[in-house]
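Notes for the one structure printed next.
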Amino acid sequence: MPDRRFVELSHVIRAGLVTYPGLPTPTITPHLTREASRSIYAPGTEFAMDVITMIGNTGTYLDAPYHRYDGGTDLAGLSLDRLVDLPTVVVQTGQHRAIDAALLATVGDVHGAAVLLRTGGDDHFGTPEYATDAAFLTRDGAQWLVEHCAALVGIDAINIDDTTDGTRPAHTLLLQAGIGIVEHLTGLDQLPDRGARFSAVPPRIVGFGTFPVRAFASVPT
């Protein structure tokens, strides 16, 4: 694709990474070391096999409807046409902590698009400040995105909902409508407000609702 460049939008996962304070951090341990493999394979041939243990809510991850709803579509059931090469609308939220319908209405048509909320919160990822006064999508903002047929919604903050209470209206409304949510994005400042194409694909896991993705965008050069 000589006329496009790719932009990484995911945080790097490493052992001990703190994504959401209070959740377990990933551990990475060897199953088979290179040294041990030399006794198994032909001379000069060696491999490393490793085990990672982590909660699905690690790094940059996608929420499927199953995350919120018993019987909702799980990771294995997600359609690629809602995850890959989506036209992208980046919403510059500025100083707005509450991202509401009035703000979203200023960006225009979002039908079939990945709507990415750029709050700047990713500057504090992995620090205590990340969880303090984070921006979030309001109930009426989520309803606006449902009514205007967004394909996917992402945010570069700790949660798409306000975490000061347990209601989680954005998760409730978006996932009920089959709109995937990508949380903990980064690098949205590298994208134009329109014109990029967004992709974020998790593994196909049955009975699982949240898993890390390698989120990225292609941008015209």
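Assorted remarks:
- Under the convention that each Lys and Arg Cβ holds +1 and each Asp and Glu Cβ holds -1, the size of the dipole of the range 87-172 around its Cα centre is about 140 debye.
- Normalising the Debye intensity of the range 9-146 to I(0), with uniform scatterers on Cα atoms only, and taking log10 at q = 0.19 Å⁻¹ returns -1.30.
- Gyration tensor verdict on the range 137-199 (Cα atoms; rounded if a/c is under 1.5, prolate if a/b is larger than b/c, oblate otherwise): oblate
- Relative to one another, the C-alpha centroids of the range 59-134 and the range 173-210 are positioned 6 Å apart.
- Interchain or long-range residues, amide H under 5 Å from Gly180's placed H: Val153
- Label positions at Arg34 and Thr106, each projected 7 Å from the Cα along the C-beta direction, are separated by 5.3 nm.
- Amide H contacts for Leu116 (H built 1.01 Å from N in the peptide plane; partners 5 or more residues away or on another chain; cut-off under 5 Å): Val89, Val90, Val91, Gly154.
- ³J(HN,Hα) computed for each position of the range 176-192 - Karplus, 6.51 cos²θ - 1.76 cosθ + 1.60, integer Hz, glycine/proline x: 4, 8, x, 9, x, 10, 10, 10, 6, 5, 8, x, 5, 5, 8, 9, x
- Helix-derived mean residue ellipticity, 222 nm - over the chain, DSSP H n ≥ 4, -39500 (n - 2.57), to 500: -2500 deg cm²/dmol
- Relative contact order (%) - criterion: Cα under 8 Å, at least six apart; region: the chain: 31 percent
- Since only Ala134, Thr93, Val213 are under comparison, the one whose Cα sits farthest along the positive direction of the charge dipole of the range 70-221, derived from C-beta charges on Lys, Arg, Asp and Glu, is Val213.
- Highest-MSF residue in the chain out of Ile99, Ile205, Ile179 [GNM, Cα springs under 10 Å]: Ile205
- DSSP beta bridges confined to the chain are antiparallel in about 60 percent of cases.
None of the figures in this text is laboratory data; all of them are computed from the coordinates on show. Predicted model, so just to flag it, every value in this text is computed and none were measured. Neighbour counts are summed over all protein chains in view; Cβ atoms, including those assigned to glycine, are modelled from backbone coordinates with ideal geometry.
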